[in-house]
1. Of all residues in region 307-336, count the ones that are closer than 18 Å to R184 by Cβ, in contact with a helix residue (DSSP H, G or I) (Cβ under 7 Å, 6 or more places away or on another chain) and either of a type in the set (A, V, I, L, M) or surrounded by 17 or more Cβ atoms within 10 Å (Cβ to Cβ) (or both).
2. Residues being closer than 30 Å to T334 by Cβ and touching a Leu at 6+ places or on another chain (Cβ under 8 Å): count how many of those fall in region 243-293.
3. With the requirement that a residue be more than 20 Å from the chain's Cα centre (by Cα) and closer than 23 Å to K212 by Cα, what does region 104-117 give you?
4. Could you list, in sequence order, all residues of region 28-50 that are assigned to a helix (DSSP H, G or I) and among the small types (G, A, S)?
5. Out of all the residues in region 70-104, which are of a type in the set (D, E, K, R) and crowded, with 19+ Cβ neighbours inside 10 Å?
6. Select the helices (runs of 4 or more DSSP H) contained entirely in region 247-303, then report the ones holding at least 3 residues which are in contact (Cβ under 8 Å) with a residue 60 or more places away in the chain and within 27 Å of G156 (Cα to Cα).
7. Would you call E25 over 23 Å from the mean Cα position of the chain (by Cα), farther than 28 Å from C100 by Cα and in a helix (DSSP H, G or I)?
Amino acid sequence: MRENDSVAAYFVQTMLYRLRDQPAEVARVLAQAGIAPTAMVDHASRVSASAFARLWLILINELEDEFFKLDSHGMPLGSFALICRGLIQEPTLGKALRQCLGNFALFLRDMRGTLSVRGQRAVISVQSQQVDAQARSYAEETFLVLIISLLCWLGGRRIPIDRTELRDPRPPLDDDPFLWGPNRVLGAGRTEIEFAAEYLQLPVVQDLAALKTFLRSAPQWLVIRFRNQSGVANQVYRRLRSSPYGEWPTLPAIAGQMGLSASTFRRQLEREGRSFQAIKDEVRRAMAFERLRETSLSIAEIAEQAGFQEPSAFHRAFKKWTGESPGSYRARTTGA
């Protein structure tokens with residue numbers, strides 16, 4: 001990770017929730033990790049990736065729980081490593097994901113994650129039986145972050161999320177578009193994410209040697225690697241989002257704008273599990289979702305702005321992303 005890599009302070013607050021009635025203890029662990037106390041006040045402030053990683057390790061050892069006491073049973077130290085060891089033996093991400101959800105269920109008493117495949121769509125649903133609504137909210141989002149980031153690591157690439165619904169409301173974060181995708185609802189009354197089922201057929205590319213290296217820094221770096229708001233991939237994402245589709249730079253051009261050679265640019269994206277084409281595709285999806293929800297543009301106009309030569313091609317692509325037509329998505333999300 002680079003020096004300017006960071007995460008939202010909201011995730012620091014999540015990890016520290018069970019210590020909320022122990023201000024002296026909170027101050028001690030924050031100081032030990034090198035995080036300013038203001039991180040507990042402003043959820044939108046940024047915390048360096050290295051400090052976030054230090055705090056993660058400090059807390060799981062202090063609490064003796066790799067799930068930060070957000071579950072009535074929790075995950076004893078070593079649980080995450082044990083879960084991971086079985087996953088690298090699976091041939092595909094789909095099989096690894098089902099085993100992963102089952103393995104987490106061996107430790108977490110209040111949390112249950114399930115996978116369902118609906119045609120071309122894969123949906124991971126999460127339910128927590130926590131009575132404390134705030135703990136439930138933190139637990140469900142933490143669980144999803146771990147699961148999807150672990151899936152990305154197993155496949156060696158970032159898996160774009162096409163729909164996210166989080167049960168409980170919370171303030172929006174700058175990280176949200178990159179973390180949960182452009183089609184998200186906070187306070188939806190249920191917690192689930194949806195992505196293309198074709199990713200479940202991808203092979204597991206990690207082996208025992210990679211696992212040993214991974215476990216020396218997991219899972220904190222895992223989360224940052226694939227969901228880092230300040231990474232190269234997200235810088236590219238933001239640059240494309242700020243420009244009309246017809247003015248998007250080529251790969252060599254955007255590499256030059258960032259002071260990198262084309263080959264170095266590709267390698268940095270690969271380390272984050274991305275490619276330039278995949279980022280462009282994600283931005284086109286984001287543009288489509290945003291314009292359908294927030295504008296009165298015709299579907300043909302939205303198709304053109306998202307880079308589709310024909311509205312029919314946009315309809316086919318959108319149906320593949322979401323399982324519904326652009327018109328039905330617009331009607332559902334705008335309450336029309």
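1. 6
2. 5
3. Looking only at region 104-117, we keep the residues that are more than 20 Å from the chain's Cα centre (by Cα), and these are 105-110.
Scanning region 104-117 gives L106, F107.
4. A31, A33, A39, A49, S50
5. Filtering region 70-104 for residues of a type in the set (D, E, K, R) gives 71, 85, 90, 95, 98.
Listed by number, the list holds a single entry, D71.
6. Fully inside region 247-303 and qualifying: 276-294.
7. Numbers: over 23 Å from the mean Cα position of the chain (by Cα): yes; farther than 28 Å from C100 by Cα: yes; in a helix (DSSP H, G or I): yes.
Yes, satisfied.
Okay, residues lined up against (1) under 18 Å from Y138 (Cβ atoms); (2) touching a residue at least 40 places away in the same chain (Cβ under 8 Å):
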{"residue": "A31", "(1), (2)": "no, no"}
{"residue": "I35", "(1), (2)": "yes, no"}
{"residue": "L59", "(1), (2)": "yes, yes"}
{"residue": "A105", "(1), (2)": "no, no"}
{"residue": "L108", "(1), (2)": "yes, yes"}
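No lab work stands behind these numbers, since they all come straight from the coordinates. Since this is a predicted model, take the numbers as computed values, not measurements. Note: ideal-geometry Cβ built from the backbone for every residue, glycine included; neighbour counts use all protein chains shown.
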